[in-house]
Each structure stands twice: as C-alpha cells, then as structure tokens.
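**Q** My questions will all concern the structure given below.
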Amino acid sequence: MSPGKRLKSSSKRETSTDKALEPGVYEGLAGVRLVVRRFLSFSEAAVSEAGVTSQQYQALLVIKVAPGGQIRVRDLADQMLIQHHGAVQLVDRLTTAGLALRIPSPEDKRSVLVGLTPQGEALVEHLARTHLRGMLANERLLIESLKRLRRLAELD
C-alpha cells in the first residue's frame, strides 16, 4: 500500500436479496467497536499525559520494532500510512523532543535512518506497558465479541 492511501471497502455490494444478517452479528460488531473506542480514548489520555501525540507514539513503536531499531524515513512513512514529507515533519518533532535521532545510512548516503534515543526508548517502554494494561482491561468483551462473530460467520 502506498503512503497516504486508505483501505477501500469491498467492491462487492450487498443487495436486498441477500440473506439478512443474524442479530448477533450486529452485537458482535458493536462490541468490537466499543472496545476499540474505549482503547483509543484510553490511549489518547495516556499519550497526552506523557507529552506526546498518538502519531508520535505510533512512530516510536514503528521505530522500536524495525530491524536493528532503525528505519528509513520513507519506510516510516509507509508504515504510518502518511506522505514522505509528513514523516519528515514527524521525525523533526521527535528529534526536537529528544526522542529520536537521525542516522546517516551506511549503505545509501541519500537515505536517513531514524533511531530512538535513550529517552525515546524509556518513553516507548512506559507507554507500551500502559497500553498493554489498557488493552487487557477490555479483553473479555473483545474476545466474546470476536467469538460471536466467528460462530456466526461459520454458520453462513
């Protein structure tokens, strides 16, 4: 997927002659959406308290899991689903905050790698622990909702 592009909905459209969905499908979907909304609300509060944005936290995660803990700016843009210039600005903000640093690529002098500073490592560790607790707080509802959807999907 190229940067900045969104996933498109299925091109197959349901028609009025298709079999009606079971009521449990709506309940399952509502449950999943509720968990996602709760988690996103929780996440916004957690990153705000830590002094970063959700986008900055996502970038820290992408950098953290990149091979060797370093990623090219263009690959960061792809992972974040943003344009290259947006990734450059994001990296600017992370470096200004002391959370990331630019590293000249040893293989390609035109490329710049981005890595985490010790401060960035500590922050992403703290936020990851916080997010894990927040996610697990809604585990039961998520699992029940997904199981309901799986059962109903297997009936079709």
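**Q** I need the full set of residues from region 119-156 which are within 30 Å of K19 (Cβ to Cβ), exposed (fewer than 12 other Cβ atoms within 10 Å of the Cβ) and acidic (D, E), in order please.
**A** E154, D156
**Q** Just give me the residues in region 55-66 being free of Cβ contacts under 8 Å to residues at least 12 places away in the same chain and assigned to a helix (DSSP H, G or I), in sequence order.
**A** The one that is free of Cβ contacts under 8 Å to residues at least 12 places away in the same chain and assigned to a helix (DSSP H, G or I): V65.
**Q** Out of V124, V91, V114, which single residue is touching a strand residue (DSSP E or B) at 6+ places or on another chain (Cβ under 9 Å) and assigned to a strand (DSSP E or B)? It would help to see each step written out before you state the result.
**A** Details: V124 fails: assigned to a strand (DSSP E or B); V91 fails: assigned to a strand (DSSP E or B).
The conditions single out V114.
**Q** Further, regarding this structure: Output the residues belonging to region 94-111 that are within 18 Å of R74 (Cβ to Cβ) and either in contact with a helix residue (DSSP H, G or I) (Cβ under 9 Å, 6 or more places away or on another chain) or part of a helix (DSSP H, G or I) (or both). Before the answer, list the steps.
**A** Filtering region 94-111 for residues within 18 Å of R74 (Cβ to Cβ) gives 94-95, 100-111.
The answer is L94, T95, A100, L101, R102, S111.
**Q** Let me ask something additional. Cβ-Cβ distance below 7 Å, separation of 6 or more or different chains: which pairs start in region 109-127 with a residue that is closer than 23 Å to E44 by Cα and end on one that is surrounded by fewer than 22 Cβ atoms within 10 Å (Cβ to Cβ) and basic (K, R)?
**A** L116/K64; V124/K64
**Q** For region 138-146, indicate whether the set of residues that are within 27 Å of A50 (Cβ to Cβ), in contact (Cβ under 8 Å) with a residue 40 or more places away in the chain and in contact with a strand residue (DSSP E or B) (Cβ under 7 Å, 6 or more places away or on another chain) is non-empty.
**A** No, every residue in region 138-146 fails to be within 27 Å of A50 (Cβ to Cβ), in contact (Cβ under 8 Å) with a residue 40 or more places away in the chain and in contact with a strand residue (DSSP E or B) (Cβ under 7 Å, 6 or more places away or on another chain).
Bear in mind these aren't lab numbers, they're just calculated from the coordinates by the rules spelled out. This is a predicted model, so every value here is computed, not measured. Ideal geometry is used to build each Cβ from the backbone, glycine not excepted, and the neighbour counts take in all protein chains shown.
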